[in-house]
Amino acid sequence: MAEPPVIQVENLRKYYGSVRAVDGISFDIARGTTCALLGGNGAGKTTTIAMLLGLLLPSSGRIHILGEEVPRHHHRVLPRMNFSSPYVDLPQRLTVAENLTVYARLYGVPRVRERLAALGRDLDIDAFFQRPYGSLSAGQKTRVALAKALLNEPEILLLDEPTASLDPDTADRMRGILTDYQRRGGATLLLASHNMSEVERLCDQVIMLRTGCIVASGAPRELIRRYGRKDMEEVFLDIARGIQSGEVIE
Amino acid sequence: MNGLSPQRIGALALRYLYLLRRSWIRIVELAYWPTVQMILWGFITRYLSGHSDVLGQAAGLLLSGVLLWDILFRSQLGVSVVFFEELHARNLAQLFVSPLRPIELILALMSISLIRTLVGVGVAVALALPFYGFNLFALGPPLAGFFLNLLLMGWAIGLLVAALVLRHGMGAESIAWAAIFALAPLCGIYYPIATLPGWLQPLAWILPASHVFEGMRAVLLDHTFRLDYFLYALLLNTGYLGLAISVFLAAVRHAREYGSLLQSGE
């Protein structure tokens, strides 16, 4: 018998008055896969991620994560998830080590020092462990935020633009770390990204959003073929500009 | 995982202790105003004690009042200002996607408030002895009751202010500093509640602090501990704190409804 999806979203809506930020989306994400939420600004990516995290209450619809109903029981699944976004900060005056220690304790991570040392090596952040978080460059902050997101070795990792602000070399290393992490532990990754080559490299599944609705979904290669384009960049532009393929979903 | 976690509450308290350890200015700031107030009222007491029968009987009346008042003020700030730090740091979303529960956040804020109050008022209390020969601990065991009730009232006001800011944004931040001073004239810090106009006295009596300061005067002037004042204050505090926790949790729910946890601090 097939394992049930780790994330199940059914007819999810979020309205702010007359504004439909997310408008009846449904999707499943299988364990151990990487899925990208794509779309232009205001498409509903961040709103969807916020609802999965319990930061935002849906207007209607159902979310099940790891078999638990969210947001009703989101405290049961939050210890098994984590999140990183360049738009959400950590306390500026605390050092990197202090910030990671605080969050390790919040997540109940055993052997905090060993875990921090391992993440420091993997993400190449140990050199600035003793520096205040606020003194780091944007790229360094992104790496620290990723370290925070990996602290509890989450089964589900939600990433909002995981390689934003990183130089190509560091971004490439980060993708490698994410891929290794996923292969090692069988984690499920859901990421919002504007970097289409990253999506092609990392993702098994893509969900394209436009004005709060899913306008296409499938594997990156399948979408490229369906739209008759040479890469995801071109597919993204087609969808963002409303150009229909013959087989557009919904 | 379903119960309250002392480890998570401790983690947030640790975050604040890291901050305190990093900045000696913060430690000085904690003790600065209570100490300045103590020095000022110490001189006023010294001047008035030769001209007032009441102060002649109990020279520590004003100094006890000002130090107890600072317990209330510091405990309120200890909750609200520390919560604002999370908003300023844009850290609230990180906290709310962690396993930390809102009720644990409240308990952590209360723990940090206790630490801040003990440090801030503790320095002023310690300095009052060499400066004026005044020992607040001369109030005896009732001091513990006064401390508890003022702490609880400060937490209730602090949580209400934090809820207001969560609901209406950082524009409401100045209320954190102003709110408690609006209540000060009604609390009878330096004068009995009977001094207030008759129509204002019922309002005063619904404030736990009024019972504390009346109780303080009973100890200093009549050398008796008024259990009724203590119990009234405790009863009122139980109600106010319960209300404040409910209002804060409702503000968190409202923030989840409108997405302000993601936008906080911006």
Of the listed residues (A:ALA21, A:ALA50), the one being outside any loop (DSSP other than H, G, I, E, B) and either within 17 Å of the chain's Cα centre (by Cα) or surrounded by 22 or more Cβ atoms within 10 Å (Cβ to Cβ) (or both) is A:ALA50
Exactly one of B:LEU20, B:LEU100, B:LEU87, B:LEU107 is within 14 Å of chain A (Cβ to nearest Cβ), touching a Leu at 6+ places or on another chain (Cβ under 9 Å) and outside any helix (DSSP H, G or I), and that residue is B:LEU100
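A quick yes/no check of all residues on (1) surrounded by fewer than 14 Cβ atoms within 10 Å (Cβ to Cβ); (2) within 14 Å of chain A (Cβ to nearest Cβ):
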{"position": "B:LEU221", "(1), (2)": "yes, no"}
{"position": "B:THR224", "(1), (2)": "yes, no"}
{"position": "B:LEU236", "(1), (2)": "no, no"}
{"position": "B:TYR240", "(1), (2)": "no, no"}
{"position": "B:SER246", "(1), (2)": "yes, no"}
{"position": "B:LEU249", "(1), (2)": "no, yes"}
{"position": "B:ARG256", "(1), (2)": "no, yes"}
{"position": "B:GLY259", "(1), (2)": "no, yes"}
{"position": "B:LEU262", "(1), (2)": "no, yes"}
*On the given criteria, is A:GLY32 within 14 Å of another protein chain (Cβ to nearest Cβ), of a type outside the set (Ser, Thr, Tyr), in contact with a Ser or Thr (Cβ under 9 Å, 6 or more places away or on another chain) and assigned to a loop (DSSP other than H, G, I, E, B)?*
no
In region B:165-184, anything surrounded by 13 or more Cβ atoms within 10 Å (Cβ to Cβ) and either modelled with pLDDT under 85 or within 17 Å of the chain's Cα centre (by Cα) (or both) is listed as B:GLY169, B:MET170, B:ALA172, B:GLU173, B:ILE175, B:ALA176, B:TRP177, B:ALA179, B:ILE180, B:LEU183, B:ALA184
Of the residues in region A:74-115, those that are of a type in the set (D, E, K, R) and under 21 Å from B:LEU262 (Cβ atoms) number 1
Restricted to region A:174-204 and to residues being of a type in the set (S, T, N, Q) and more than 19 Å from A:GLY40 (Cβ to Cβ), the residue surrounded by the most Cβ atoms within 10 Å (Cβ to Cβ) is A:THR188
- Message: Here is a check on your reading of the model: is B:LEU63 modelled with pLDDT of 95 or more and either more than 20 Å from the chain's Cα centre (by Cα) or more than 9 Å from chain A (Cβ to nearest Cβ) (or both)?
- Response: no
For B:LEU127, the lone unmet condition from (1) more than 14 Å from the chain's Cα centre (by Cα); (2) within 13 Å of chain A (Cβ to nearest Cβ); (3) part of a helix (DSSP H, G or I) is (2)
Residue set B:ILE157, B:ILE106, B:ILE71, B:ILE112; condition under 26 Å from A:SER84 (Cα atoms) and either buried (at least 22 other Cβ atoms within 10 Å of the Cβ) or in contact (Cβ under 8 Å) with a residue 60 or more places away in the chain (or both); output residue B:ILE106
Within region B:224-266, the residues that are among the polar types (S, T, N, Q), within 22 Å of the chain's Cα centre (by Cα) and over 13 Å from B:LEU164 (Cα atoms) are B:ASN237, B:THR238
Okay, helices (runs of 4 or more DSSP H) sitting entirely in region B:188-266 with 1 or more residues that are aliphatic (A, V, I, L, M) and in contact (Cβ under 8 Å) with a residue 60 or more places away in the chain, I get B:208-217, B:227-258, B:260-263
Of the conditions (1) closer than 21 Å to A:ILE214 by Cβ; (2) assigned to a loop (DSSP other than H, G, I, E, B), the single one that A:LYS14 does not satisfy is (2)
Looking across region A:106-118 at residues that are surrounded by 20 or more Cβ atoms within 10 Å (Cβ to Cβ) and not aliphatic (A, V, I, L, M), the single one that is nearest to B:TYR16 (Cα to Cα) is A:TYR107
Filtering helices (runs of 4 or more DSSP H) wholly in region A:73-124 for at least 3 residues that are facing another protein chain (nearest Cβ under 10 Å) and closer than 21 Å to B:HIS88 by Cβ gives A:96-106
If you go through B:GLY56, B:GLY78, the only one that is away from chain A (no Cβ under 14 Å), assigned to a helix (DSSP H, G or I) and modelled with pLDDT of 90 or more is B:GLY78
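The values are calculated or read from the model by the stated rules, or taken from the named source; none is laboratory data. This is a predicted model, so every value here is computed, not measured. Cβ: placed from backbone, ideal geometry, glycine included. Neighbour counts: every protein chain shown.
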